[in-house]
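Read through the structure below, which is laid out as structure tokens, and then see the notes.
No lab work stands behind these numbers, since they all come straight from the coordinates. Since the model is a prediction, treat every value here as computed from it, not as a measurement. Cβ sites come from the backbone with ideal geometry, for glycine too, and all protein chains shown count toward neighbours.
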Amino acid sequence: MSVRNTINLGQLTDAERAGAVRGLALGAEHLLQVSRTQVPIEEATLERSGVASVDPSALEAAVSYDTPYAVRQHEDLNLRHDDGRKAKYLEDPMREEADVILALVGAEIRRALGT
């Protein structure tokens, strides 16, 4: 189960690209951390299945949860969860943390350029 958001980085120099890869990794890890605080929890299997990954060649990052019930837990708004845990545990944090993730990517690109 994963959700997608796109940041258009345009043409990048090698240094900018390296910074973008590091920024995407930091952004994905940040999203994973925030989403783990909202993921439904019974035995923590779903929470532990969360992974952040980056494809440097495509300049893509992903956060995913890999259990047979991850999609149902994310999409079914009628399921009951413990306090602070909920459906949309990945989609909501991605939307709420978009500015932070963008700032992380931008900071790493600037760092790579020495600015």
If each residue of separation counts as 0.36 nm, what is the full-extension length gain between Gln33 and Asp82 once their alpha-carbon separation is subtracted? 15.8 nm
Could you quote the convex hull projected area for the chain, Cα atoms only and averaged over all directions, in nm²? 7.3 nm²
Between helix 98-113 and the chain: long-axis angle, C-alpha atoms, 0 to 90°, nearest 10: 30 degrees
List the relative contact order of the chain as a percent without decimals, with contacts defined as Cα pairs under 8 Å and 6+ residues apart. 41 percent
Neighbour counts of other C-beta atoms within 10 Å: give me Leu31, Leu104 arranged from fewest to most. Leu104, Leu31
Residues whose built amide H sits under 5 Å from the amide H of Gly50, excluding neighbours closer than 5 in sequence, are Asp66
Debye, to nearest 20: dipole size of the chain, +1 on Lys, Arg Cβ, -1 on Asp, Glu Cβ: 180 debye
